[in-house]
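Enquirer: Dropping a structure here in structure tokens format, bear with me for questions.
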Amino acid sequence: MRPRRSAALLLLILAAAGGCRHLAPPAPLPADWQSLIAEPRPFSALYRLSCCGYRGLVLGVRADGERLSLTVAVPPGGAAVAAWVGPDGGWVHRVKEGCRDPLPAGVLPISAKSSLPLDTRLAAMLLSGLLPADAREVRQAPGWVEASTSGLRWQARVEGPQPHLRRLVVTRAGEATPMLTADIRESTGRVPAGLRITAGPEEAELVIQAWRVGDPPVPPPWLSAPVCGGGT
């Protein structure tokens, strides 16, 4: 995408997201915005999740940028979804049936019937509030940076004075329509504390309950369960 076209797309997305109030000149990038460029460290997090017609779900995540363990529970107890994901895909646990289904690469389930187009690295970086190594300032769109990684184009709005992501738009290479948009409403330092993720018809809202740097995720015991349908 050429610089002028990229900047025009950014400004259109920015305006459409919030109406006329976004037509005013945006604030410039914080001076130390590049502090957000880093690889994600292993972390564990707990969120309140609203999606798929449900509210008050509990989402647990452990990730390190390569592997990710995810559970979605319906209070007061009972797992609705459990997944183990790596760079090449993973598995979803069917708790009631006691078996597991294969999960394609680049997909994270958020309910029994809904998923988001997030691979493990993109999910870890978004939940950690980080940017890819080649992120660069978009001079024609003040306050925005862009990057290309793993066949995806990132366009991120960064605000300050303490740098943090405010909005992230991810588009597949060669496509004009974003595959995913994340609006970050609150931040604890750089870590998003409240965010809304939209991907086509799917929408999920996360509110952080706990987040800490920890040990890398470990494979769950249910990976030894049989494959659903008798597959291998």
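The values are calculated or read from the model by the stated rules, or taken from the named source; none is laboratory data. All values reported here derive from a predicted model rather than from experimental measurement. Every residue, glycine as well, gets a Cβ built from its backbone with ideal geometry; the counts of neighbours run over all protein chains shown. Side chains are part of the model used for accessible areas, which takes the heavy atoms of the whole protein and leaves out ligands, DNA and RNA. Shrake-Rupley method; radii C 1.70, N 1.55, O 1.52, S 1.80 Å.
Enquirer: Considering only segment 75-99, state which residues are open to solvent by less than 40 Å² (accessible area, probe 1.4 Å) and not in a loop (DSSP other than H, G, I, E, B).
Expert: Val81, Ala82, Ala83, Trp84, Val85, Gly86, Gly89, Gly90, Val92, His93, Cys99
Enquirer: When you check Gly106 against the structure, is it modelled with pLDDT under 95 and either buried (at least 16 other Cβ atoms within 10 Å of the Cβ) or closer than 21 Å to Gln209 by Cα (or both), yes or no?
Expert: The answer is yes for Gly106.
Okay, residues lined up against (1) part of a strand (DSSP E or B); (2) modelled with pLDDT of 90 or more; (3) in contact with a Pro (Cβ under 8 Å, 6 or more places away or on another chain); (4) of a type in the set (Gly, Ala, Ser):
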{"residue": "Leu10", "(1), (2), (3), (4)": "no, no, no, no"}
{"residue": "Ile13", "(1), (2), (3), (4)": "no, no, yes, no"}
{"residue": "Ala16", "(1), (2), (3), (4)": "no, no, no, yes"}
{"residue": "Ala45", "(1), (2), (3), (4)": "yes, yes, no, yes"}
{"residue": "Arg48", "(1), (2), (3), (4)": "yes, yes, no, no"}
{"residue": "Arg55", "(1), (2), (3), (4)": "yes, no, no, no"}
{"residue": "Ser69", "(1), (2), (3), (4)": "yes, yes, yes, yes"}
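Enquirer: A follow-up question, please. What pairs can you find where one residue is in segment 176-189 and without any contact (Cβ under 8 Å) to a residue 40 or more places away in the chain, the other is among the aromatic types (Phe, Trp, Tyr) and buried (at least 18 other Cβ atoms within 10 Å of the Cβ), and their Cβ atoms are less than 9 Å apart, with a gap of 6+ or different chains?
Expert: Listed by first residue and then by second, the contacts come to Thr188/Trp211.
Every residue, every condition in (1) within 20 Å of Arg67 (Cβ to Cβ); (2) open to solvent by 30 Å² or more (accessible area, probe 1.4 Å); (3) among the hydrophobic types (A, V, I, L, M, F, W, C); (4) at pLDDT below 90, yes or no:
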residue: Leu126; (1), (2), (3), (4): yes, no, yes, no
residue: Pro132; (1), (2), (3), (4): yes, no, no, no
residue: Trp144; (1), (2), (3), (4): no, no, yes, no
residue: Arg167; (1), (2), (3), (4): no, no, no, no
residue: Pro178; (1), (2), (3), (4): no, yes, no, no
residue: Pro192; (1), (2), (3), (4): no, no, no, no
residue: Leu195; (1), (2), (3), (4): no, no, yes, no
residue: Arg212; (1), (2), (3), (4): yes, yes, no, no
